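Read the structure below first, then the notes.
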Amino acid sequence: MKSLTLSLCFVIGFATTALAQSPKFTRQDTLRGSITPERAWWDLVHYDLGVKVDPEAKTFSGQNTVTYKVLTEAKTMQIDLQHPMKITEVMQDGKALKFLQNGNAWFISLKKKQVPGAVNNLTISYGGRPQVSKRPPWEGGVTWTKDNNGNDFIVTTCQGDGASLWWPCKDHMYDETDSMTISVTVPDHLMDVSNGRLRKTTDNNDGTKTFEWFVSNPINNYGVNVNVGDYVHFGEVYDGEKGPLDCDYYVLKDNLKKAKTHFEDVPKMLAAFEHWFGPYPFYEDSYKLVEVPYYGMEHQSSVTYGNFYKNGYHSTDVSGTGWGFNFDFIIVHESGHEWFANNITYKDIADMWVHEGFTAYSESLFLDYFYGKEASEEYVIGTRQNIRNDRPIIGYYEVNKSGSGDMYSKGANMLHTLRQLVNDDEKWRMMLRGLNKEFYHQTVTSDQVEHYLAMQFGGNLRPFFNQYLRDVRIPVLEYKADGSGLSYRWTNTVENFAMPVEVTIDGKAQRLKPTGEWKTLKLDNPAKKVEVDKDYYVESKLVK
């Protein structure tokens, strides 16, 4: 299991006209998004998932044997599986168990006494035609399509919507299985690529083959994937911080030649991110890049790729600066999630910025490593064009509701601003590496990440995080020149916001320490031109 220490998470609200009315939530939202009593009493140990993929019927069917440790006595277990999929049978110790369905939650009545400390298992049989993804990966489900040669090309995506779209599981992020076996049966002319390492391939002598994959590290539910296609394989070994790292690439046959050239970004990505974040978190399970018929996704040790073997993001640069054309966005961004999403994982999707803010920021760190700090700064500042400030980055807890999409670009610029406050690039690098060491293979809350960064920074960062994560306003540095002084203060901010900021006054650099009250800096001559350092995500305003 990953860390099961639950911390109370508070959403701090600020009165502002920009905040939208709170959405209404249902009982199903609570069953999906909260740690219900029927989830809390048991701890995941292992999933042994079997999936038979039938392209003609467009069905998934199979069994999932759930091994778990009993934490407290209980008689009912919650398992999640979404309509139109169905649980058909549940067995424990050779005995059939009764179960009731409440929407997407299934409540299993246990006959066996659940003794604290005991490790038990039960087997769930399931099947059906899973939801079809209309816009993968943003809308979850299964994609049934064909490659250019008419072969079936079938993949799963499910972040946010939940892995229970296609397999029965404990579908909440706080508890991850320690390890997992994934056995996928497909037509024998195709191949399945899933997470971890391929342990064996079995010819079933009935027109199908079964591919058995094993994941030896903790894995989150949405990181589990099935990719079925006419794949070919090539690979390399990367000499990483922890030794040899197997890098395996699975692509459609027609794309083998271009992939061998284009995937040269992978070792570059590994070099940059091991420098900034620490060792790749899953050496035991290898690194894989797998071609899919959508843009891509951060499936653990099975990163999916569909960016047409071009740099940028679908032939665009998300920063508008040109720097984004120096790397393949999907290879860099989705692989960055191996550190922030798969190694460090949110407990509740309300804190999804922990995944997306750090990983959006990782794009600029890739540039920093290969092209220098100025390129990195230009890129991350350029992504501000994508910020809407429509609602807070932090979402709603215990109802499976994430915050604003600003968690990407605004999250990245918040971190870039924090780097300026640290004002020591090596210390900043150690803070990022320290996060991946402190929370190695754990699920976390935003509060935990904020507290860690504040402790390493050596100061109170609560108002800083409240401003950028829990409010929609951009801090405004108001200033006015009067006589031989410059008066300044922060406005448009949360309570106690007092962030230092770098400015140039008539070409001379100066570090100010504004608060919400006017302060005055004495000058030899009246200030004529005041500019705020562009690396801070703030605005400025001259007050007459």
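In terms of overall dimensions, the stretch 34-140 has a Cα radius of gyration and Dmax of 14.9, 45 angstrom. Taking the Cβ-Cβ separation of Lys111 and Thr65 as r and a Förster radius of 22 Å, what is the calculated FRET efficiency to the nearest 0.05? Step by step, r from the Cβ atoms, then E = 0.80.
Take the stretch 228-326 with all the other protein chains still there, run a 1.4 Å probe, and you get 36 Å² of accessible area per residue.
Given R₀ = 35 Å, FRET efficiency for Leu542-Lys310 by Cβ-Cβ distance, to 0.05? The calculated FRET efficiency here is 0.20.
Between the stretch 459-493 and the stretch 167-221, the alpha-carbon centres lie 51 Å apart. Normalised by 2.2 N^0.38 Å, where N is the number of residues, the alpha-carbon radius of gyration of the chain equals 1.04. The listed residues Lys24, Lys113, once ranked by accessible area (1.4 Å probe) with the largest placed first, stand as Lys24, Lys113. A Förster distance of 22 Å, applied to the separation of the beta-carbon atoms of Glu495 and Glu517, puts the FRET efficiency at 0.95. Once you divide the Cα radius of gyration of the stretch 440-543 by 2.2 N^0.38 Å, the number left is 1.25.
Shape summary: the stretch 386-480 maps onto an equivalent ellipsoid whose semi-axes, from the alpha-carbon gyration tensor, are 22, 20, 11 Å in decreasing order.
Scoring 57-64, 337-344, 96-103, 351-358 by mean Cβ neighbours within 10 Å over their residues and listing the highest first yields 351-358, 337-344, 57-64, 96-103. Tyr126 exposes around 10 Å² of accessible area when a 1.4 Å probe is run over every protein chain in place. For the peptides 470-481, 248-259, 158-169, 217-228, the ranking by packing is 217-228, 158-169, 470-481, 248-259, with the highest mean count of neighbouring Cβ atoms within 10 Å listed first.
Could you pull out every one of the aspartates and glutamates with an alpha carbon less than 12 Å from that of Lys75, ignoring same-chain neighbours closer than 8 positions? Partners found: Glu38.
Each Cα pair under 8 Å and six or more residues apart adds its separation to the average, and for the chain the resulting relative contact order is 12 percent. Extending 7 Å from the Cα toward the beta-carbon at both Asp390 and Glu56 defines two label points whose distance is 4.4 nm. Here the dipole of the chain is about 1440 debye; that uses its Cα centre as origin and unit charges on the Cβ of Lys and Arg (positive) and Asp and Glu (negative). In degrees, nearest 10, range 0 to 90: what is the angle between the Cα axis of helix 353-371 and the longest Cα principal axis of the chain? Approximately 70 degrees, to the nearest 10. Could you work out the helix-only [θ] at 222 nm for the chain, with each DSSP H run of four or more residues adding -39,500 (n - 2.57) and the total divided by the number of residues, to the nearest 500 deg cm²/dmol? Using -39500 (n - 2.57) per qualifying helix, the result is -6500 deg cm²/dmol. Compared with the direct C-alpha span, the chain from Lys24 to Leu100 gains 24.8 nm at full extension, assuming 0.36 nm per residue.
Its Cα gyration tensor gives the stretch 259-343 an equivalent ellipsoid. The semi-axes, each the square root of 5 times an eigenvalue, are 20, 15, 11 Å from largest down.
The values are calculated or read from the model by the stated rules, or taken from the named source; none is laboratory data. The structure presented is a predicted model; accordingly, all values stated were derived computationally and were not measured. When we count neighbours, we look across all protein chains shown, and the Cβ atoms used for this are built from the backbone with ideal geometry, even at glycine. To get the accessible areas, we keep the full protein, side chains included, count just its heavy atoms, and leave off ligands, DNA and RNA. Shrake-Rupley method; radii C 1.70, N 1.55, O 1.52, S 1.80 Å.
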